[in-house]
Each structure stands twice: as C-alpha cells, then as structure tokens.
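No value in this document is a laboratory result; all are computed from the given coordinates. Small disclaimer: the values here were computed from a predicted structure and weren't measured. Cβ placement follows ideal geometry from the backbone for every residue including glycine, while neighbour counts extend to all protein chains displayed.
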Ligand code: GLN
Ligand code: ZN
C-alpha cells in the first residue's frame, strides 16, 4: 500500500489564527509565551486535520511565524548585522525584525527584501549573504516542533528548504562573489540538523529543491549533486522534493543524486510515468504529486487512478502519494464555507479535503474497488458540462477573436497626434494612479452596504459625496487628469470579480501572501461575461463634476486572472481573453459615455511569467494580446493608459511595448529613474509616466527633489512623452500628506514647463 504524505500545510489556521496572534504580539497585546501557545495550538490543529484525513507522514517545519525561508536563515545563522547587535540573542524578535524592519523607523535596520516564491503569490524574505558569510546552527525551533508532534503520537517527516535552493534564492550583498561558493560552509549546518533529527527517531527528511523546476546552469546541478553527497548518511533517509514544474530535462541528473526518494509534481509533469519510473529506480521511493496543491478544485480521482494504477501495482511499497506541492497556497477547510452554492461547493477541495482525496485514492488503489472514487469524481465531470460553467456566446466570441481585435485602428504616432488635439493637455501632464485615501468612513460605508445595513441609495449618495470630495481636492491642487478615486472598491480584482459572471467568492478562502498578510482570491469557475456596465456610473458622475478630463479606471485581464484562483479546465490565454472581452465592452461603454482617457491596470503582468525562461515569449505574447483586446475597441482619440508597480522591465521591455498602451505609468521613484533605462535603451515609443514619489510612506516629497527626478527622466525619454504622477495608488495614505505631496508634484511640473 502506498504511503500518503504531505509536503506542507497552510500555516495561517482555519480562521487566520496565526495572523491574529502574531499581530497581537506585535501590538503588545499578547506575550511571547501566549504567542507560542497559540502557535502550538495551530500546529496541533493542522496535524490533526491531516492525520484525520488519512495522511500517514506529517510535515513538520512547514509552520513558520512569518516565512519559512526566513526561518531557514535564522536556523543557519544567516542574520544580517543590522538586525542583531553583538550582545543580542537570536530569538523570534530577531526573525520579525528581519521580516519587517526594526521600529522606530529611521534607524539603519530596514527589513530584508521580500520577493515572490517562484510563480506563486506567496512572498519570502530574501536571505542576505556576503562573501565571507559564516553559518552556524542558530535557531532550532524545528527540533521542538518535531518533539511536539511526536508527543501527540504523529509520525513525522521534517521539511527543509534545500541548501542549494536556499543559496539560489539568496541575494549577495557587498563585494561580488559566487553564492555557490558558500555551499561548503552551509552543508555542515544541514548535516548537524539531520543528525539531530536522526537522534530524535526521525526516519525521513524532506529536502525541498524547487529550483529544479527552473532552467539551471551546470554549476547549480553540480551543487545539487554535491549537496546530497554530503547530506546522505546522517542517519535519516532523504526525500528530494521538486514541484511547480516539470523536471524532465534533469531526470538523468536526478537519477544520480544520493537520495532515498524523489517527489515529482505530476500535475506539472508531462513525462510518461514509465519514463519516470525507469529514471527513479525501485531502490528509491517515488513520490507522486497527484493532487494539485495550489488550486481549490476537487480532483478527478478516477482519472488519477487510471493514470497511476499500473505503476503503483508494479512498484508496491516504493510508491508514495502526495499533493503536487505544499498546500501552503491553498485555503484550509472547505467545510467552513456556508454561503457557497452546493453545486459549486461540490467542485471544490481545500487543503483538508485534498488530504482525504489521497486517502480515498489509496484505498481504491489497494482494493481495486473504484466505486468510491468514481462517485467522488462525478461532480468534477459534471462541472465540465454544467450550464453554470459554459456560456456558448462567450466561447464563440473568444473563438472568433482575430489579430485585428488586438490592434488599435492606427499606429501610436497617428493616435497620439489625435489625442493631443482632443485632450489639449500641457507638457508634462500631471495625474494620479487611481485610488485616493480609503478613509475609515469609506470602509465602514462599504461594509454596511455589503451587510445590508445601508440601502443602495444611501450608499450611492455617500460614494458620490466621496467622489465630489476627491475631485475638489484634485482641482484645488490643479492636477491635469483627474480620477474618481475608487472609493467603491475594496480590492481592484474583487470589485470586478463581483460584477462579472463566472466568479465566486469564499468566506474563509484565505492564503498567505507574506508575513501576516493573507489574500482571499476570487474563484473563476465559469466562462466570464459582463452582464452590465461596472464603472460607467461612478466615472460619468465624476466627469459631471469637473471640466477637466476624468480618467476611467479598470483592472486588466492579466491581473484579474493571476490574482484569482482560475479554472483548471480551460487554458489561461482563453480565460484572459474572456476577461479581456468583458473589459473591452466596459472600455467602449466608457468612451461612449464621454470618457476620453481610460487606464487598464496590469500590476500582475510580470507575475504571470512562467518559471522556465524558454516559455516566456509564449506567455508574454498572449498576455500582451489579452491586454490589447481589452484596450482596442476605442477610437484613436481615446487615450489608453496602463499601470504597473515595482516591475523590472529589462527582460520584458519589448512585450511592454507590444501592449501598445498610449501611456504607461510605472513605479520608479525609489530607483532614481533607473527603471527607465530599459525604456531608453529599447527606444520605447509611447508615453511614460515614471512615478516621482514613493506612496508607501507619509513623507511629503519636496518640489526640488521631484524636479530632479523629472530632469533625470527627461534625459532618458523625450520630455514630450513624459507624464508626471506618483508611483502608485494613494489608497493607503491619508489626505493631509496626499494633498501636500500632490501640490508639490504639480508645482514641480509647472516649474519645469517653463524651464524645459
Ligand atoms: N488603480 C489602482 C490604485 O490606484 C492601482 C493599484 C495597483 O497598482 N496595485 O489603487
Ligand atoms: Zn501600482
């Protein structure tokens, strides 16, 4: 019988207990001891959920107070100097300081960088390593947690971020050096950990090396081989875990690694099972990641059974079953959802349910009786043909899309000339990115309306008052292109998801984004369409209050797609095109209602990039096309803007140009306009609004400073094509600093119009 194991479980808790506990600790409302008790309770609950679902080997070390990569840094003693005074002990506060910076601000102890964990929406704290880096076993919560689980009676399999992946993800600071040169110093710490775990009676340890899903150079492959050579023989068996992508191209190398088992993500692996089974000899455990660990869909167990039955019979004991990757990226328990329609609910499975799926599958594999899995999988099959999912009209419209649908009528040069005539904007036009401060009053009104305490008429009146206020403020500081302020939106994706057909929302479907921050992504379950205009009323109301141009504000198709849980029965380009067509109708409606400038935000454009660089071009082509479909229904005179935050543009600048937005606004102020180099070198042809101030702090930027930035920008981009705007939306700011900052920004633009 196959062993069922799990690579990791969501650590946030069923009701985000971890978030609440950690934030209470930060606020001083919870003592450290109390925090530890809460953590222990969450772990116990998680293990119980998994064990009850039928998982035999439980992960330990997947729990982290803030982030598991950060926890690894602490374990191996890679603590930046600024976060640890010589006499300071390393404890949980060290960990939080590294993740969040040290209060009060102003000292030289900024948080470490945070970046995306592969192609998920989880963010890890980037380890900072320097040339002379030393490592030492420093913080050993892992051992306590292993003991904790053992005391409950669980059979455990500790999980470690593999040393090579750890180095790969780290950033070198100080003088340049080869990160892999640190491997030799790092491995002894891992050896110590393994030896200790062996002494605790641990049988198996899971070493995560997800970098195998990337395209690696020889040096990394050699490092992996060396790493396992050193780590073997410490008294525990090693399971190499790979996930998030196919490792086909490295099977020959993986075969040679000194490991006792290999986990593969079968959801992402196109290779035939025979080939895999031949590569991973029967002397090793082959762990099959058969249930998708990063979506919320019920698995078609009948199909999985068909796929793996022969192999399981053949390999007998040497087969394990698991989700494809850690369930970190999945909400905890579907059973909590009280408001989902029963049909829709029958299509879903969260972390706990995914464990049960493996148990069900295992029983069928063992007995050959497939009745239970067939019954379980029936809703998955029903979903494919359900009327809720399928909308013929939408399908036909997407199928009929042509190249021309993704093209504006005329080229940029022709368009911009027409826009100059139509819009009559000054040199260096000033604008904002869309949102204005989301005050307590605004949030309360939205909550009350949603909960049914506030009638629509009252809600509408209040939102209109907010719009009027935002417009008065913008007129007072004399901005050129105004926005309505987005008061009615709690979230830039959720707002549109709620208005579009094909989306559903959960009550507790939280997943960790970073630290204590969780997101609750909408679920795209069916063909997407727009039954009525989504923003036209608010936008035209705003336009009715001013003689200046109001810029309409939409979230783009790529961002809506990647910030949602999307369907597994339809390819991503098709889903993106469905969203794009719905947005295209909105864009055309806005134009018809007299709105001459429309922004389609795409902050997630870069996030969708596949892990393997060889697949980037294909992705970028369909993503840019979907954007253009949303934007191309309008006349030449109508100006389309897009916005992206914090993106690096060097390697994708041709695709940014391919999006063909008339104006792109980007976050540049903290890079001192360096991000513009990519645009300069590429000779990016369209208009650009490089952000001239950071919106993440309440500091009011000074006129001279912003003038300096715009000067720098004008050396790289012809001034006729420059816009002046903040880095991003202002929803997290308060009015006083917003007002002052924008006043200074407009002042800077005005002075430069005279000087340039
Ligand atoms: N229009 C959005 C805002 O201003 C853009 C947010 C974003 O870029 N993430 O808030
Ligand atoms: Zn932004």
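Extending 7 Å from Cα along the Cβ direction at residue 89 and again at residue 215 yields two label points whose distance is 4.9 nm.
For region 646-706, taking Cα atoms only, Rg and Dmax work out to 12.5, 36 Å respectively. Relative contact order of region 163-293: 22 percent, from C-alpha pairs under 8 Å at least 6 residues apart in sequence.
Remark: relative contact order (the chain) = 11 percent; criterion is Cα-Cα distance under 8 angstrom and separation of 6 or more residues. Nearest 10 degrees is fine. How inclined is helix 301-315 to the longest principal axis of the chain, computing both from alpha carbons? Helix 301-315 sits at roughly 30 degrees to that axis.
In what sequence, highest mean first, do 573-581, 680-688 appear when ranked by Cβ atoms within 10 angstrom?
On the way: 573-581: 24.9, 680-688: 16.2.
Per-residue mean Cβ counts within 10 Å order the peptides as 573-581, 680-688.
Counting every alpha-carbon pair across region 209-300, the share separated by more than 23 Å comes to 23%. Taking other C-beta atoms within 10 angstrom as a stand-in for reagent exposure, 466, 501 fall in the order 501, 466, fewest first. The share of C-alpha pairs in the chain whose separation exceeds 35 Å stands at 50 percent. Annotation: extensible slack from residue 674 through residue 755 equals 26.9 nm (criterion: 0.36 nm per residue apart, minus Cα-Cα distance). Ranked by the mean number of other Cβ atoms within 10 Å of their residues, highest first, the peptides 54-60, 713-719 fall in the order 54-60, 713-719. Across region 638-756, the relative contact order, built from alpha-carbon pairs under 8 Å that are at least six residues apart, equals 26 percent.
Between residue 388 and residue 651, the simple label model (points 7 Å from Cα in the Cβ direction) yields a spacing of 4.0 nm.
Find how much the distance from residue 222 to residue 335 grows on full extension, using 0.36 nm per residue of separation minus their present alpha carbon separation; answer in nm with one decimal. Before the final figure, lay out each step's value.
Details: separation 113, 0.36 × 113 = 40.68 nm, distance 4.56 nm.
Extra length available between residue 222 and residue 335 comes to 36.1 nm.
Averaging 1/r across all pairs of distinct Cα atoms in region 116-242 and inverting the result yields a Kirkwood radius of 15.6 Å. Where Rh is the Kirkwood radius over the Cα pairs of region 481-639, the temperature 10 °C and the viscosity 1.306 mPa s, what D in µm²/s does Stokes-Einstein return? The calculation lands on 97 µm²/s.
Ranked by the mean number of other Cβ atoms within 10 Å per residue, highest first, peptides 393-400, 342-349 order as 342-349, 393-400.
In this calculation the C-beta distance from residue 499 to residue 614 is compared with R0 = 45 Å, giving a FRET efficiency of 0.75. Only bridges whose two residues both fall in the chain count here: according to DSSP, what percent of them are antiparallel, nearest 5? Close to 15 percent. Every helix of 4 or more DSSP H residues in the chain counts as -39500 (n - 2.57), and over all residues that averages to -13500 deg cm²/dmol at 222 nm. Counted by neighbouring Cβ atoms within 10 Å, the residues 735, 297 run from fewest to most as 735, 297.
Using 0.36 nm per residue of separation minus the Cα-Cα distance, give me the extension gain between residue 478 and residue 44 in nm, one decimal. Show your work: numbers first, answer last.
Values: separation 434, 0.36 × 434 = 156.24 nm, distance 5.78 nm.
Gain on extension, residue 478 to residue 44, equals 150.5 nm.
State the Kirkwood hydrodynamic radius of region 581-705 in Å, one decimal place, computed from all pairs of distinct Cα atoms. Walk me through the intermediate numbers first.
Values: mean 1/r = 0.0637 Å⁻¹.
With all distinct Cα pairs of region 581-705 included, I get 15.7 Å.
Whole number please: convex hull volume per residue of the Cα set in region 390-451, in Å³?
Per-residue hull volume (Cα only) is 198 Å³.
What is the distance, in nm, between label points placed 7 Å from the Cα along the Cα-to-Cβ direction at residue 705 and at residue 343? Each label point is offset 7 Å from its Cα along the Cβ direction, giving 5.6 nm.
List 649, 177, 436 from most exposed to least, where exposure is judged by having the fewest other Cβ atoms within 10 Å. Could you put the intermediate results ahead of the total?
Values: 649 22, 177 15, 436 26.
Lowest count first: 177, 649, 436.
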